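**Q** Mind looking over this structure? Questions follow.
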Amino acid sequence: MNKNFIVSNVLKTNNLKMNKNREFDDYTHLKVNDSIHFYSPKINTFPLNTNINGIEFKDSHPVSRWNTRVGPKLTENQLLNILNQLKLLPHRIRKIEDGVGIIDCDILFTYKISENNIIIITTFYGRLSLNHSLKQFQSLRKYNKTNKEQVYLQIKEDVLDEQNPPAIPKFFMDFSGTITKYILEGYVVVGKKLPVFYVCCGTDHSEEVLYIDVNCNSDVKINKNILKVLFKMRYSDFVWNYLQNHYKEQVSLLERKFTNKKI
């Protein structure tokens, strides 16, 4: 029985377009219970300028604010390294309005753009997941400017220490079908032989995120374009098992056809 023949026929599609792919050397090793905030928009956000050449800090102030409001504590070089990798990934760093950005729909910051298209981060306000008052960010900022008073946004050190820095995937792929656009990020998880995937599926009207663990069978509804990409990435055992569970009739029919051809 030729599995490749059967998989190729079940997943036959002419509308899959591969746009971008990238691998990262300095990727994150996630723990099994690590939570990832990205792709969970609670507020309206917009893409940053795609021509951004890099991310820098105006001085030591942003790092100080990160280490007291965001966490975990990082050096300037560590933080800049993470941010400049995230800028290569669509959806990870976005803007709420000009001058106000958000990382992974969680970490709020302010910025300016230099003449040579460098994002200059001026400060970090904190994490929405830790400080719910930041959801009223515009009001807080207005109060801060009008009253010339510093808004207290510091987080307890033990809570800061529990935070994870934004995760960097081992690889990233951007592809599309006729209507849907896909952003796939693959992560290494400690204790798992194969990576896990977060796939953002977006149309003009909706967006959803799929979590796919190719180390085990999945009950998640995965469309053919995603399965075809996973197959191309050589996760053939996972795709084959998925098709046997979710496309039983088509697989059985093709198995019979293939067997008859051999006879």
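**Q** Please determine, in degrees from 0 to 90 and to the nearest 10, the orientation of helix 236-246 with respect to the longest principal axis defined by the Cα atoms of the chain, where the helix direction is its Cα long axis.
**A** 70 degrees
**Q** Then there's this: Using the alpha-carbon atoms, what tilt in degrees (0 to 90, nearest 10) does helix 137-147 show relative to the longest principal axis of the chain?
**A** Relative to the chain, helix 137-147 is tipped by roughly 10 degrees.
**Q** What length, rounded to one decimal in nm, is gained on full extension from residue 75 through to residue 56, with 0.36 nm per residue of separation minus their alpha-carbon distance?
**A** Contour length minus Cα-Cα distance gives 5.5 nm.
**Q** What is the set of long-range amide H partners of residue 125 at a cut-off below 5 Å, with H atoms built 1.01 Å from backbone N?
**A** So residue 125 has HN proximity to 108, 109, 110.
**Q** Next up: Give the order of 23, 255 when sorted by the count of other beta carbons within 10 angstrom, beginning with the fewest.
**A** Going from least to most buried by this count: 23, 255.
**Q** Quick one: what are the phi-derived ³J(HN,Hα) couplings along the stretch 165-181, Karplus 6.51/-1.76/1.60 with θ = phi - 60°, whole Hz, x for glycine and proline?
**A** Here the 3J(HN,Hα) series is x, x, 7, 9, x, 6, 8, 9, 9, 10, 9, 8, x, 5, 10, 9, 9 Hz.
**Q** For a 32 Å ceiling on Cα separation, which of these pairs sit above it: 95/193; 73/170; 17/170; 73/192; 193/248; 112/228?
**A** 95/193; 112/228
**Q** Sticking with this structure for a sec: Grab the DSSP H runs of the chain that are 4 residues or longer, score each as -39,500 (n - 2.57), total them, divide by all residues and round the 222 nm result to the nearest 500 deg cm²/dmol.
**A** Mean residue ellipticity at 222 nm (helix-derived): -8500 deg cm²/dmol.
**Q** When Lys and Arg each count +1 and Asp and Glu each count -1, what net charge do the other residues less than 10 Å away from residue 181, Cβ to Cβ, add up to?
**A** Spelling it out: positives minus negatives among the neighbours equals -2.
**Q** Sketch the reach of a paramagnetic label on residue 133 as a point 7 Å from Cα along Cα-to-Cβ, and name the residues of the stretch 69-111 whose backbone nitrogen lies under 16 Å away.
**A** Backbone N within reach: 69-70, 108.
**Q** I would also like to ask the following. Quick one: net charge around residue 66, please, counting Lys, Arg +1 and Asp, Glu -1 for every other residue with C-beta under 11 Å from its C-beta.
**A** That works out to +3.
**Q** Farthest toward the dipole's positive end in the chain, which of 54, 64, 230, given Cβ charges of +1 (Lys, Arg) and -1 (Asp, Glu) about the Cα centre?
**A** Looking along the dipole axis, the top candidate is 230.
**Q** Then there is this: Suppose every K and R has +1 on its Cβ and every D and E has -1 on its Cβ; what is the size of the dipole of the stretch 8-106 about the Cα centre, in Debye to the nearest 20?
**A** The dipole magnitude comes to about 360 debye.
**Q** Where does each of 228, 12 land when they are ranked from fewest to most other beta-carbon atoms within 10 angstrom?
**A** If I rank by nearby Cβ atoms, fewest first, I get 12, 228.
**Q** Same structure again: Among 110, 13, which comes first, second and so on when ranked by fewest other beta-carbon atoms within 10 Å?
**A** 13, 110
**Q** Which value, in debye to the nearest 20, describes the size of the charge dipole of the stretch 88-245 about its Cα centre when Lys and Arg Cβ atoms bear +1, Asp and Glu Cβ atoms bear -1, and nothing else is charged?
**A** Here the stretch 88-245 has a charge dipole of around 260 debye.
Readers should treat all values here as calculations from the given coordinates under stated rules, not as data from a laboratory. Computed from a predicted model, the values in this text were never measured in an experiment. Every residue, glycine as well, gets a Cβ built from its backbone with ideal geometry; the counts of neighbours run over all protein chains shown.
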